[in-house]
Amino acid sequence: MSSGSSPLNNVIILLPGWAAKPSDPENTWDSVLEYLDAERTAFFVPHLYHRFGSIDERAESAIDEISEIFYGLEVHLIGHSLGGLVARFIAARNDLPFTVRTITTLGSPHHGIKYLNFLPRMNGDGGLASIIRWMLDSDYGGIFNVTPKSMDEFNAKTPNNPAVQYFSWAGRLRPYQVKYVPVLAFVSLFHPYNDGVVGVESAKWGIHLGTVKCLSHSKIVSAKLIAETIPYLRMAESGG
């Protein structure tokens, strides 16, 4: 699984998805961290503002942490699920104290998750949302950021940065994967091809590097996919 070449010149920033524990942000990336260590590739995992926070809340927290350590340097952002949208939000900023060279998203819902349309919206204005924010310091904005309507709005106001190269991966479960049958029975009503959470078409953004069969939404965070991604990051560093 080795990338078979020299380490990257720039650090990889790993952005976890919704509900990742701030106290243990590396947990999402266990196999990836082992691989990057073995490859002598520098990486950093920010402790995000809140495990249930919105895209902008999480992005502001990540920007603060990255800026403290990598001020004036170039970085590669790799985001799982909501983390990929956080990466895009960061790259769209024109006032960053660091430079984003590439973004790679793993199972990120760039075009929304259709079944979330059936959830009551808690955008901070209602009484229930106020109570939740008071109790948990969040209105669970991360979930409600990724309805199709919210993502249409996000995509309109978060254009790709022309100086950044964008890559994406998607996973696709198969009907014979018995442990996922109950999930697939529901999610497939809205997204016929999906990883158990996000539809394949929704996960495509920029240069789509591939849709990997039998990978669930959590299993898409794999050392193998990172190994297959690194040559693209290396080419981006060299201007390719």
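Taking 41 Å as R0, compute the FRET efficiency from the Cβ-Cβ separation of Asn94 and Ser31 and round it to 0.05. Numbers along the way, then the final one.
Details: r = 35 Å, r/R0 = 0.85.
That pair, Asn94 with Ser31, gives E of 0.75.
Pairs of alpha-carbon atoms within less than 8 angstrom and 6+ residues apart define the contacts here; what relative contact order does region 178-240 have, in percent? If you can, show how the numbers build up before the last one.
Working: 25 pairs, mean separation 12.6, N = 63.
Reported as a whole number, the value is 20 percent.
Tell me, what is the FRET efficiency for Glu228 and Ala163 to the nearest 0.05, using R0 = 35 angstrom and their Cβ-Cβ distance as r?
Calculated transfer efficiency: 0.90.
According to a simple spin-label model (label point 7 Å from Cα along Cα-to-Cβ), what is the distance in nm between Val178 and Phe190?
Spacing of the two 7 Å Cα→Cβ label points: 2.8 nm.
Relative to the present Cα-Cα distance, how much length would full extension add between Leu73 and Lys149 at 0.36 nm per residue of separation?
Values: separation 76, 0.36 × 76 = 27.36 nm, distance 3.50 nm.
23.9 nm is the gain from fully extending Leu73 to Lys149.
What does the charge count around Asn155 come to, taking other residues whose C-beta lies under 15 Å from its C-beta (Lys +1, Arg +1, Asp -1, Glu -1)? Walk me through the intermediate numbers first.
Details: positive: Arg88, Lys149, Lys157, Lys204; negative: Asp56, Asp152, Glu153, Glu201.
Neighbourhood net charge equals 0.
Sequence neighbours fewer than 8 away in the same chain don't count; with that in mind, list the lysines whose C-alpha is under 26 Å from Lys149.
The reachable lysines, counting only those whose Cα sits under 26 Å from Lys149, are Lys114, Lys157, Lys204.
Please report the net charge: other residues with Cβ closer than 11 Å to the Cβ of Gly199, K and R +1, D and E -1.
Working: positive: Lys114, Arg172, Lys204; negative: Asp195, Glu201.
Neighbourhood net charge equals +1.
If one computes the Cα centroid of region 60-115 and of region 185-222, what distance in Å separates the two points?
Cα centroid to Cα centroid, the span is 20 Å.
For Val100, what charge total do you get from the other residues with a beta carbon under 10 Å from its beta carbon, if Lys and Arg give +1 and Asp and Glu give -1? Could you put the intermediate results ahead of the total?
On the way: positive: Arg88, Arg93, Arg101; negative: Glu74.
For residues surrounding Val100, the net value is +2.
Quick note: the coordinates plus some simple rules give every number you see, no bench work behind them. Quick caveat, the model's predicted, so the values are computed rather than measured. With ideal geometry, Cβ positions are generated from the backbone for all residues, glycine too; neighbour counts draw on all protein chains shown.
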